[in-house]
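Structure first, commentary second.
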Amino acid sequence: MAIRIEVDPDLCQGHGVCESEAPEVFEVGKDHKVVVLDASPPEDQRAAVELAVKYCPTHALRLTDT
Ligand code: SF4
């Protein structure tokens, strides 16, 4: 199974928690919106992405398996 990340940009408020948890996958841009650097990251990023999803204060992130 491959990881797939979805973002609801309307919910993102640029808190940057995701970038702290998974800096190889998320970056907060100058407009204070998250940029997904890799929407299908390798399996070794799963734990970090799960933390980012869990701790995003606005629940803007979703991880699905494809
Ligand atoms: S933690 Fe959530 S609200 Fe903050 S930048 Fe990431 S996606 Fe956006």
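We did not get these values from a lab; they are worked out from the coordinates using the rules stated. In this text, all values refer to a predicted model and were calculated from it rather than measured experimentally. Methodologically, a virtual Cβ is constructed for each residue, glycine included, from the backbone with ideal geometry; neighbour enumeration extends over all protein chains shown.
Residue count for the range 20-66, restricted to those that are free of Cβ contacts under 8 Å to residues at least 24 places away in the same chain and within 7 Å of the ligand (Cβ to nearest atom): 1. Do we have PRO42 as surrounded by fewer than 18 Cβ atoms within 10 Å (Cβ to Cβ), in contact with a helix residue (DSSP H, G or I) (Cβ under 7 Å, 6 or more places away or on another chain) and of a type outside the set (A, V, I, L, M, F, W, C) here? When the stated conditions are applied, PRO42 does not pass them. Evaluating GLY14 against the criteria (1) more than 10 Å from the ligand (Cβ to nearest atom); (2) part of a loop (DSSP other than H, G, I, E, B); (3) surrounded by 13 or more Cβ atoms within 10 Å (Cβ to Cβ); (4) not acidic (Asp, Glu) leaves one unmet condition, (1). Filtering the range 1-11 to residues that are of a type in the set (A, V, I, L, M) and either in a loop (DSSP other than H, G, I, E, B) or within 14 Å of ALA48 (Cα to Cα) (or both) leaves MET1, ALA2, ILE3, ILE5, LEU11.
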